[in-house]
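**Q** My questions will all concern the structure given below.
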Amino acid sequence: MIRLNLGSCAIAVPTISAVFLTACGGGSTALPAQPVTSMFADPLAHDGLETIHSFRANPNGLVAYNGLFYGTNVAAGGKNYGNVFSLDASGKEQVLHVFRGGTDPAYPTAGLIVVNGVLYGTTVGGGTGWRHNKQCQTGPPPSGGEGCGTVFSITTSGEVRVLHSFKGGSDGNVPFAGLTLLNGKLYGVTLVGGTRHPCGQYIGTGCGTVFEVSMSGEERIVYRFRGGKDGAAPEGTLLALDGKLFGTTYSGGDKTCDRSRCGTLFEVATSGSEDVLYRFKGGKDGANPQAGLVSAGGALFGTTTGGGAACSDYGCGTIFKATAAGAERVLYRFKGIPDGAYPRSQLTEVNGALYGVTPDGGAQCDAPSGLDTGTIFELTTAGTEKIVHRFACETYSSDGAEPAAPLVHSAQKLYGTTTSGGHYNGGTAFALSL
């Protein structure tokens, strides 16, 4: 696991939030140990899931384009700076580019988008920002990549261009999420940065930003989060809807969870005005969303990593529904093993149903340590949940384990990735027939 130093906090890629909360005084999201009677030796093995590829290094989400799937690995390559790859539907992989760090991008933690046949993405390290700001000098490779992160483009033949290198301070730092296209420009969020001042007691310098980057590489900070009730530490990909941007912050909001607060649901205009639509309350309500939103049937749907009614005090997480005016309702509360727990990826809407993954819950493999494998779930917009796959227990099982990226719908199947398991225990790509 790669560790990056942001101000006073050590964080880990790709599961940043769980680590940074622990390192900076927050709570732990570890599932409590369960009795042996909750073990699943062969969970839903008949459900139509097929593993199509085994990775060596932690894949992020996939995007479908022109008959292929494109994605990123967070720590692949000779110096573990990550790469960009393509897969066909049978799982044959081609590596398009291996990141080099330094002024080149390093450590992609999100998937890609396609605009006019070109792929665009972000990395949390690399770029020229380290030359201007000591906050971006996170250590020598491979323990931490120089730079505050980048926005990059890459052609399907592998030609890479750095559109913007973040500089920290008033500029952003650590663009953890993917990009969104709106009116011909790219929008995203940075986990920290925006100001030169510490953001409360729970993350490093700056509470995060919303940024805009043109196709020619001109960058503008649209909004800087202030922490407190305003929100802090946005991690999820933004949703473009009716000319505005909607998203979540992991922290900030009402101070009802712990000193890192419970997170928010927000709206930002491209002109820079921001409205907090909802502040999560913890407890039976959700807490600390890490994922972006999806729009379906005129409503917004998302997940929180905490809150709900199980998994000790923190909660196993929730699925919620909200209106653009800010009315929120919890549709489902995860229950932990053998149900899912701690969802942290965006939902996918298919024919009126919502599909997603949980990196925890599912099958418990080792009762004393509480190890578990993750799930794929289906939820109706009315709130009825069904587990469609529980990943298997074997460490090097071809089934994979701990899915953490959004699913992709293509040709009557759901495609996705896991962050561990597979033949090399570096994660898998899978297809699930609907």
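**Q** Regarding residue 347, is this residue in contact with a strand residue (DSSP E or B) (Cβ under 7 Å, 6 or more places away or on another chain), surrounded by 23 or more Cβ atoms within 10 Å (Cβ to Cβ), modelled with pLDDT of 90 or more and over 25 Å from residue 374 (Cα atoms)?
**A** The answer is no for residue 347.
**Q** Shifting gears a bit: What number of residues in the stretch 85-116 are closer than 19 Å to residue 188 by Cα and buried (at least 24 other Cβ atoms within 10 Å of the Cβ)?
**A** Going through the stretch 85-116 one residue at a time, the tally reaches 8.
**Q** Right, another one. Please work out which residue is farthest from residue 374 (Cα to Cα), limiting yourself to the stretch 49-78 and to residues that are outside any strand (DSSP E or B) and in contact with a Ser or Thr (Cβ under 9 Å, 6 or more places away or on another chain).
**A** Per the stated criteria, the residue is 66.
**Q** On to the next question. I need the full set of residues from the stretch 208-245 which are at pLDDT 95 or above, within 15 Å of residue 169 (Cα to Cα) and of a type in the set (Lys, Arg), in order please.
**A** Those that are at pLDDT 95 or above, within 15 Å of residue 169 (Cα to Cα) and of a type in the set (Lys, Arg): 220, 224.
**Q** Quick check on the stretch 193-205: of everything there that is modelled with pLDDT under 90 and of a type outside the set (S, T, N, Q), which residue is nearest to residue 165 (Cα to Cα)?
**A** My answer is 196.
**Q** Go through the stretch 259-286 and give me each residue that's surrounded by fewer than 20 Cβ atoms within 10 Å (Cβ to Cβ) and under 16 Å from residue 316 (Cα atoms).
**A** 281, 283, 284
**Q** Moving to a separate point now. Does residue 352 satisfy the criteria of being at pLDDT 90 or above, farther than 22 Å from residue 419 by Cα and surrounded by 22 or more Cβ atoms within 10 Å (Cβ to Cβ)?
**A** No.
**Q** Which residues, counting only those in the stretch 377-432, are in a strand (DSSP E or B), touching a Lys or Arg at 6+ places or on another chain (Cβ under 8 Å) and aromatic (Phe, Trp, Tyr)?
**A** 377
**Q** From (1) at pLDDT 95 or above; (2) surrounded by 23 or more Cβ atoms within 10 Å (Cβ to Cβ); (3) under 25 Å from residue 405 (Cα atoms), pick out the condition that doesn't hold for residue 252.
**A** That leaves (1) as the condition not met.
**Q** Go through (1) farther than 18 Å from residue 310 by Cα; (2) more than 21 Å from the chain's Cα centre (by Cα); (3) among the basic types (Lys, Arg) one by one and return the number of the condition residue 329 breaks.
**A** Single failed check for residue 329: (1).
**Q** Which ones in the stretch 287-299 are surrounded by 24 or more Cβ atoms within 10 Å (Cβ to Cβ) and farther than 17 Å from residue 357 by Cα?
**A** Result: 287, single match.
**Q** Run residue 178 past the list (1) part of a loop (DSSP other than H, G, I, E, B); (2) within 19 Å of residue 272 (Cα to Cα); (3) modelled with pLDDT of 95 or more and report the number of the one that doesn't hold.
**A** Answer for residue 178: the failing condition is (2).
**Q** Can you tell me how many residues in the stretch 203-239 are farther than 16 Å from residue 276 by Cβ, surrounded by 19 or more Cβ atoms within 10 Å (Cβ to Cβ), touching a Lys or Arg at 6+ places or on another chain (Cβ under 8 Å) and of a type in the set (A, V, I, L, M, F, W, C)?
**A** 2
**Q** Also, quick follow-up: Among the residues of the stretch 54-67, write down those that are farther than 17 Å from residue 179 by Cβ, surrounded by fewer than 23 Cβ atoms within 10 Å (Cβ to Cβ) and in contact (Cβ under 8 Å) with a residue 24 or more places away in the chain.
**A** 54, 56, 57, 66
**Q** Further question: How many residues does the stretch 81-103 contain that are at pLDDT 90 or above, of a type outside the set (Lys, Arg) and not in a strand (DSSP E or B)?
**A** The qualifying residues number 7.
**Q** Right, something else. What's the number of the only condition in (1) at pLDDT 90 or above; (2) polar (S, T, N, Q); (3) more than 17 Å from residue 156 (Cα to Cα); (4) within 21 Å of the chain's Cα centre (by Cα) that residue 51 fails to meet?
**A** (4)
**Q** Quick check on the stretch 363-372. Is at least one of its residues within 18 Å of residue 239 (Cβ to Cβ) and hydrophobic (A, V, I, L, M, F, W, C)?
**A** Checking the stretch 363-372: not a single residue is within 18 Å of residue 239 (Cβ to Cβ) and hydrophobic (A, V, I, L, M, F, W, C).
**Q** While we're looking at this one, here's another question. Is there a residue in the stretch 414-431 that is more than 29 Å from residue 266 (Cα to Cα), surrounded by fewer than 24 Cβ atoms within 10 Å (Cβ to Cβ), polar (S, T, N, Q) and touching an Asp or Glu at 6+ places or on another chain (Cβ under 8 Å)?
**A** Yes, the conditions are met somewhere in the stretch 414-431.
**Q** Tell me which of these residue 331 doesn't satisfy, since it passes every other one: (1) within 25 Å of residue 63 (Cα to Cα); (2) touching a Phe, Trp or Tyr at 6+ places or on another chain (Cβ under 7 Å); (3) surrounded by fewer than 24 Cβ atoms within 10 Å (Cβ to Cβ).
**A** So the condition that residue 331 fails would be (1).
The values are calculated or read from the model by the stated rules, or taken from the named source; none is laboratory data. This structure is a prediction, so every number in the text was calculated from the model and none was measured. Cβ sites come from the backbone with ideal geometry, for glycine too, and all protein chains shown count toward neighbours.
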